[in-house]
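Written out below as structure tokens is the structure these notes cover.
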Amino acid sequence: MYRPLGPRRQRGMFLPALVLLLAAAGLGWLLARQDSPASRDLAREMRTAQALLTAREALIGFAATYRNNEHPNADFGYLPCPDLDGDGSSETCGSKDQTSVGRLPYLTLNLPDLRDGAGECLWYAVSGSFKNNPKADTLNWDSTGKLRLLDANGLPLMLPGDEAGLAAAIVIAAGPPRPGQERSAGPERCGGDAEARNIAQYIEALGNRADNELIDVRALAGNDRIVTITTGEIYRQLKRRASYAPWLQRVFQANADCLAKPVLPAVIAPERHGPVELGKLPAFDSLSGPCRSETLRDAARNWIGTMRYARCVDGTDCLTGTGGRCRGAVIFGGERLTGPGAQRRAGTDGTPDIDQYLEPATLAALAAGQLAALPTLIALPFADRDKPVATDVALCIP
């Protein structure tokens, strides 16, 4: 059961709460030695906490290593589908963008047979925007989950790492059966039963499950225990890796190279800024070049919405970059700003509101025809991965 805290303390509390429980494992063991009802309850809660934390960390690790993990042509960030047929492994789940619920695919995650304190196998729900099969059209750090946690009054709870307070995925420990729930005898191991579709006999927390719509998760329903995974938590793990900034730079450069034609393609939804028109990049399917290569196509499509494209109105090389004259430029807007002056972004495919992606200094540089003041390399803040990667980066199109 999720227990909400006040606004000042709620941010980031899901994992720390479990860590505190795990830190008390020694005390739980000592109490269990007394064989009292309270000590047995505590021991069951400790086992549930351990199982949920293990599953959560494995799922974040799966997303952060997805491209390296037998998917060399894919981008990072994808989560597996649930186990829907009781074999312990992930498979295709529903249609594109459809959120899916089933058993935790522990074999796909290379996990042991995880169970909660009641001996029940874990359950798992993944938003259609993050699942790996079939994939959404785009996935990046502006993506939003479709699982909305509600408190006892039906009000949305704040979640760390997501602008809209939505979860990319949740892991659920069902606990013992409630009145009216009918379950088959527990399997010898998770994935060995046929219960993976009997969700209502195990879970009370899930509300409306309409395709492609938000799913409400009642955090205080029944005896379910829930942990969440958000967009920010997945990409915070990725930003820890020294190889991730060069990977994003490679994707950024590939999209810029696809625009570098003898006649630059038109800007989508252009706005005039000094000598340039500035707006969105052309539709990905209309591009050709490195961004459409087999190994980069998935990632280039995912990130095109975070970039903006400037083209000299008169067709000349009206911009001055660090390496010479430019007919245009591609700007990577990075992560949205938070706090004062926060940026609001509408979905993963971008929005015409340029100031929600680019900072005032970048707009001023473009209006002045000067790119030299803007960095050309994506540099992630590895020393503090909680800070947004908000500095705009510009690549010259000569």
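The values are calculated or read from the model by the stated rules, or taken from the named source; none is laboratory data. Quick caveat: nothing in here was measured; it's all calculated off a predicted structure. Here Cβ is always computed from backbone atoms with ideal geometry, including for glycine, and neighbour counts include all displayed protein chains. When the accessible area is computed, the model is the full protein with side chains, heavy atoms only, and any ligands, DNA or RNA have been set aside. Shrake-Rupley method; radii C 1.70, N 1.55, O 1.52, S 1.80 Å.
Which residue out of A342, A364, A394 is on the phi < 0 side of the Ramachandran plot and either assigned to a loop (DSSP other than H, G, I, E, B) or at pLDDT below 90 (or both)?
A342 is the lone residue from the list that is on the phi < 0 side of the Ramachandran plot and either assigned to a loop (DSSP other than H, G, I, E, B) or at pLDDT below 90 (or both).
For region 189-217, name all the residues that are part of a loop (DSSP other than H, G, I, E, B), more than 24 Å from S95 (Cβ to Cβ), modelled with pLDDT of 70 or more and open to solvent by 20 Å² or more (accessible area, probe 1.4 Å).
Passing the criteria: R189, E204.
List every residue pair whose Cβ atoms sit under 9 Å apart, with the two residues 6 or more apart in sequence or on different chains, where the first one lies in region 335-346 and is farther than 12 Å from W141 by Cα and small (G, A, S) and the second, anywhere, is modelled with pLDDT under 70 and open to solvent by less than 70 Å² (accessible area, probe 1.4 Å).
Partner pairs satisfying both residue conditions: A342/E163.
Can you tell me which residue in region 69-100 is surrounded by the fewest Cβ atoms within 10 Å (Cβ to Cβ), limited to those that are under 17 Å from the mean Cα position of the chain (by Cα) and among the aliphatic types (A, V, I, L, M)?
Residue satisfying both the conditions and the ranking: A74.
Taking region 57-95 on its own, how many of its residues are in a loop (DSSP other than H, G, I, E, B), in contact with a helix residue (DSSP H, G or I) (Cβ under 9 Å, 6 or more places away or on another chain) and either within 20 Å of R189 (Cβ to Cβ) or small (G, A, S) (or both)?
So the answer is 3.
Conditions (1) aliphatic (A, V, I, L, M); (2) modelled with pLDDT under 95, marked per residue:
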position	(1), (2)
L111	yes, no
E120	no, yes
K135	no, no
S143	no, yes
G165	no, yes
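Matching residues to (1) modelled with pLDDT under 95; (2) among the small types (G, A, S); (3) closer than 22 Å to R225 by Cα:
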| residue | (1), (2), (3) |
| --- | --- |
| N68 | yes, no, no |
| G77 | no, yes, no |
| E91 | yes, no, no |
| Y106 | no, no, yes |
